[in-house]
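Readers should treat all values here as calculations from the given coordinates under stated rules, not as data from a laboratory. Keep in mind that this is a model prediction, so the values were computed, not measured. Neighbour counts run over all protein chains shown; Cβ positions are idealised from the backbone, glycine included.
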Amino acid sequence: MQRGCTQAAFRIWKDYSCRKERKSLSSKMTSGEVKTSLKNAYSSAKRLSPKVEEEGEEEDYCTPGAFELERLFWKGSPQYTHVNEVWPKLYIGDEATALDRYRLQKAGFTHVLNAAHGRWNVDTGPDYYRDMDIQYHGVEADDLPTFDLSVFFHPAAAFIDRALRDDHSKILVHCVMGRSRSATLVLAYLMIHKDMTLVDAIQQVAKNRCVLPNRGFLKQLRELDKQLVQQRRQAQCQDSEGDGREL
C-alpha cells in the first residue's frame, strides 16, 4: 500500500515538474529576456544532410547555444509516458519500465541500457535480467551538470548500434525519469552512428518524447557536435582532393 502511494505521489510530482518547467521557459520566451533567434537552429536541421552534401549545397553549420537547444526540446512532443519509441526499435523509458520484467519480456525487449546504474540509482544489472534473454549495459552516472557523461558517449552508442543491427532486437535506454541521462546517450548515438547534427537528433527524439538533458549534458553534446561536424568536413575535403587528383 505504501509503495503504491509512493508511486502515485511520484507520478503527480513528475507531471507537476514537467508543467512547471514548461511554464518557466514560456515566460522567458515571451518576456523578451532572451534575444537569441532560432532561425539558424531550425535551418541547420537541413544542413550536412546526405542530400545537401551530394548536391554540393552544404551551408556552414553552427552548433546552436544551450538556450536555443532547450527551445527545440520544448517545441517537441508533450508526450511523457513511462516509455516512448524515439527511433525504430529504440525506446527511452523510466525506472518503472526497467523494473517491470514481465512487461519488458512481453514487449519483446532484447537489450537494456541503464544510464542510472548503481546502488543509489536504478539498482538492476545483468543478474536482474538473468532469467530473460536480455543483454544489459550499465552506465553509472549522476544527473548533475558537473558530471562528465561524455566519457560514456561512444561505449553507450556502440552498445545501441550493435543491438539495432539485428532486425529482431529492441532496446530500452532508461534512467530514473527518462528525461536527461538516457536522452543524452540516445542523442549521442544518433549523432555518432546516424551522422545527425545535434539539432537533427534533438528534433528526432523530441517529436516522440518530452525530454530535457541538464545544462551540463547539453554542453557536452554541443562539444560532441562540434567534433563530429569538424570530422565530417575534413573527410569531405579529403574526398574532394582525391577526386581532383583523379581528374
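Scanning residues 5 or more positions from ARG209 or on other chains, those with amide H under 5 Å from its amide H are SER77, with H placed 1.01 Å from N in the peptide plane. The distance between label points at HIS82 and GLU140 comes to 2.8 nm (points 7 Å beyond Cα on the Cα→Cβ vector). Sorting TRP74, TRP87, TRP120 from the fewest to the most surrounding beta carbons within 10 angstrom yields TRP120, TRP74, TRP87.
Sorted from fewest to most neighbouring beta carbons within 10 Å, what does the list LEU228, LEU221, LEU190, LEU144 look like?
LEU144, LEU228, LEU190, LEU221
Note on MET132, MET191: ascending count of other Cβ atoms within 10 Å places them as MET132, MET191, the fewest first.
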